[in-house]
Amino acid sequence: MTTSSSERGVGLGMPELPPPAYPDDVRARLETDAREIIARYPDSRSALLPLLHLVQSEEGHVTRTGMRFCADVLGLTTAEVTAVATFYTMYRRRPSGDYQVGVCTNTLCAVMGGDAIFEELQEHLGVGNGETTDDGKVTLEHIECNAACDFAPVVMVNWEFFDNQTPSSAKRLVDDLRAGRPVTPTRGAPLCTFKDTARILAGFPDERDGAVESGGSAGPASLVGLKLAKGEASPARVVHPRGEAARTGAPHDPSPTEHLSSHDAPQDTSASDPAHPAGPAAEEGE
């Protein structure tokens, strides 16, 4: 006895129709921008990443129409473009808010409070991961490490840093964004909408007054090691393992530049201990 596909619960469906084209004026404008981007590369297909940011700046996410456009101007298949657009998380595949609020939940940020921030923001905004508030202002998501561990826990808005956050400060942040109140990142360029950010990532200049000058700076916590290397800060004091305190003198309050872990104490090695030089490794069975 055989059963039909409908009886087995398998829906064959119709093939997906081709995506609609951009309106003529939009396509002409994007083609002008695309030619400028492609001219930067010796191989045109290398321009795919910035072109995806370009079409994302048009609609706020990468649509099938945008991927078709990228394929057309680069001479690629839509499958090749789709493979790239679905691989990188910076390309949105569905409508998003004006502000992408990302909470780092990688290891250090998580244990420093990132998990608590993310949970409270979900409840406060009434959205889940990757979802957008009803007013279209904020899309919330948890993100992987953004190389700002020395400022943990970190929240990013349209890829600008908001350092050393707490659940309370993060809730104030999203409330200000939704209310249209001015919001200033902890460091880096002034905040702009996600569409504007996407155009900048496509390689076009940020023409706002003072935006370029204010971007790209490292915070003080990131520069401590560099200052130590240059001798611009007090040298670190090594804290020895327990039991050696009596031989090293009375304890004192460590400065922020001092190592607090006994793992940093000097250890006897073959290079530093002449009484135990390294010798050739013995063969198995000897």
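Using only alpha carbon pairs under 8 Å that are at least six residues apart, calculate the relative contact order of segment 111-169 and give it in whole percent. Relative contact order here is 31 percent. Take segment 14-164 with all the other protein chains still there, run a 1.4 Å probe, and you get 50 Å² of accessible area per residue. Here A147 and D196 are evaluated by their C-beta separation; at R0 = 25 Å the FRET efficiency comes out at 0.65.
If R0 is taken as 30 Å, the Cβ-Cβ distance between S44 and D24 corresponds to a FRET efficiency of 0.85. Projected label points at Q122 and E80, each 7 Å from Cα along the beta carbon direction, are separated by 4.0 nanometres.
Segment L108..L223, full-extension length gain: 39.5 nm, with 0.36 nm per residue of separation and the alpha-carbon distance subtracted.
The values are calculated or read from the model by the stated rules, or taken from the named source; none is laboratory data. Small disclaimer: the values here were computed from a predicted structure and weren't measured. Note that each Cβ is placed from the backbone with ideal geometry, even for glycine, and that neighbours are counted across all protein chains shown. The area values use the complete protein model at the heavy-atom level, side chains included, leaving out ligands, DNA and RNA. Shrake-Rupley method; radii C 1.70, N 1.55, O 1.52, S 1.80 Å.
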